[in-house]
Amino acid sequence: MPTLKETPSARQQELLERAYEYSLGHGLADLSLRPLATAIGSSPRVLLFLFGSKDGLIRALLARARTDELDLLQQIESQYDEPPGLTVVARELWTWLAAPERRPLMAFWVEAYGRSLVVPDGPWADYGRSTVEDWLELLKASEPDAAEARRTGVLAMLRGALIDLLATGDLDRTTAAVEDYLRD
């Protein structure tokens, strides 16, 4: 998923971070360059120059969100000398996903994931598929002998619980559901 020029300028990186913070609070579906540019201290022309197009900016924002996701996965993997097991990693993932401070990022992720299913071309292309592959790879590394169906089930359960949590805000109920699933 190409995003930025090979070596982004400091200004491009700064505006990407500001745009990312803005999009975490406002989403991407109705992203308009003029309000975004005003909010981040830029202009639509500068954003178009730096990112090539609105789609280029969206691709850069998706890549930036994926960086946060991949950082989490790497942190979890690096904690253990030996594979900790699917249940341990699933609990750590849930704790990270369900943290109140991550709700904007998780809402962003759900929006991008959904858009990649509904609008499979353009800036959203492959976002959903690549995040599934990233998470399945972590789950596989956590317990290499676990069946693919079990890893897929854990991932599906975490995604479903996350969507439910974002929709209802009911952390106790969704966490209880995650724990119940992981006991089996």
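The values are calculated or read from the model by the stated rules, or taken from the named source; none is laboratory data. These figures come from a predicted structure and were not determined experimentally. Methodologically, a virtual Cβ is constructed for each residue, glycine included, from the backbone with ideal geometry; neighbour enumeration extends over all protein chains shown. With ligands, DNA and RNA removed, areas are computed over all heavy atoms of the protein, side chains included. Shrake-Rupley method; radii C 1.70, N 1.55, O 1.52, S 1.80 Å.
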### Message
Pairs needed: first member in segment 109-121, basic (K, R); second member anywhere, open to solvent by less than 30 Å² (accessible area, probe 1.4 Å); C-beta distance under 6 Å; at least 6 residues apart or different chains.
### Response
R115/W124
### Query
Within the set of pairs 6 or more residues apart or between chains, which connect a residue that is on the phi > 0 side of the Ramachandran plot inside segment 66-92 to a residue that is open to solvent by less than 40 Å² (accessible area, probe 1.4 Å) with Cβ atoms less than 8 Å apart?
G85/S142
### Per-region count, segment 83-101, residues crowded, with 16+ Cβ neighbours inside 10 Å and not hydrophobic (A, V, I, L, M, F, W, C)
5
### Query
In segment 112-128, is there at least one residue being more than 23 Å from L28 (Cα to Cα) and open to solvent by less than 40 Å² (accessible area, probe 1.4 Å)?
no
### Task
For Y80, state whether it is open to solvent by 30 Å² or more (accessible area, probe 1.4 Å), of a type in the set (S, T, Y) and in contact with a helix residue (DSSP H, G or I) (Cβ under 6 Å, 6 or more places away or on another chain).
no
### Selection count, segment 15-48, where residues are more than 20 Å from P123 (Cα to Cα) and open to solvent by 70 Å² or more (accessible area, probe 1.4 Å)
1
### Residues that are open to solvent by less than 60 Å² (accessible area, probe 1.4 Å), under 22 Å from L138 (Cα atoms) and not hydroxyl-bearing (S, T, Y), drawn from segment 160-183
G160, A161, L162, A177, V178, E179, L182
### Query
Tell me, which helices (runs of 4 or more DSSP H) wholly within segment 9-55 include 1 or more residues that are over 21 Å from E101 (Cβ atoms) and under 20 Å from the mean Cα position of the chain (by Cα)?
10-26
### Message
Quick check on G52: is it in contact (Cβ under 8 Å) with a residue 12 or more places away in the chain, surrounded by fewer than 16 Cβ atoms within 10 Å (Cβ to Cβ) and of a type in the set (G, A, S)?
### Response
no
### Query
If you take the residues of segment 77-125 that are over 27 Å from P144 (Cα atoms) and more than 16 Å from the chain's Cα centre (by Cα), which of them is modelled with the highest pLDDT?
V118
### Message
Could you check segment 9-46 and list, in sequence order, the residues that are basic (K, R) and within 25 Å of R115 (Cα to Cα)?
### Response
R18, R34
### Message
Can you list residue pairs whose Cβ atoms sit under 9 Å apart, with the first residue in segment 162-180 being farther than 17 Å from L93 by Cα and the second being at pLDDT below 95? Count only pairs 6 or more apart in sequence or on different chains.
### Response
G169/R103
